[in-house]
Amino acid sequence: MSLPIVFRREARAEFDRAHDWYENKRPGLGEEFSERVQEVLHRIAALPELHQCIYKDVRRGLVRGFPYQVLYRVKTNQIRVLAVFHTSRNPAVWKKRSNQHKQLRQQLLYNLRRFHARQPLIQPLILVAEPLVIETE
């Protein structure tokens, strides 16, 4: 069973820009690039852990015939593509992207702790299991 693949917005934009660049370079080359990326995505969907982790839990699938790589994370119910990245670009760009979700989560937890520290604790409501009796006259 293959997992669904979800692209981050930045990854989809990179893919589209690369496709357009190759298509402008030579008609049909953009389509060939797209087909090769699709091959990688099919391979990733079928065998998500086929490729090695290159940074924390981020894996890399190389695009055959093009200097591109698909960087992705395997989640329990999906595969999240972080980048469709030219191999000569600075990897700090996608590494920063891979850490963003953790930074956002840490910021959210920090804000929640600060909020709850300022709020008085609400005592839990204790329900007594007694039957409700309604008297009628």
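Here is a check on your reading of the model: is E10 in contact (Cβ under 8 Å) with a residue 60 or more places away in the chain, among the charged types (D, E, K, R) and assigned to a helix (DSSP H, G or I)? The answer is yes for E10. Quick check: anything in the range 22-32 part of a helix (DSSP H, G or I), touching a residue at least 24 places away in the same chain (Cβ under 8 Å) and of a type in the set (D, E, K, R)? Yes, there is a match, as at least one residue in the range 22-32 is part of a helix (DSSP H, G or I), touching a residue at least 24 places away in the same chain (Cβ under 8 Å) and of a type in the set (D, E, K, R). Taking the criterion of being surrounded by 12 or more Cβ atoms within 10 Å (Cβ to Cβ) and among the polar types (S, T, N, Q), the only residue of the range 3-53 that qualifies is S34. The residues of the range 1-40 that are under 21 Å from R60 (Cα atoms) and basic (K, R), listed by number, are R8, R9, R12, R17, R36.
Within the range 66-93, restricting attention to residues that are small (G, A, S) and surrounded by fewer than 22 Cβ atoms within 10 Å (Cβ to Cβ), the residue that is nearest to R8 (Cα to Cα) is A92.
Coordinate-derived values only; no laboratory data. Here the structure is a predicted model, which is why all the values come from computation and not from measurement. Here Cβ is always computed from backbone atoms with ideal geometry, including for glycine, and neighbour counts include all displayed protein chains.
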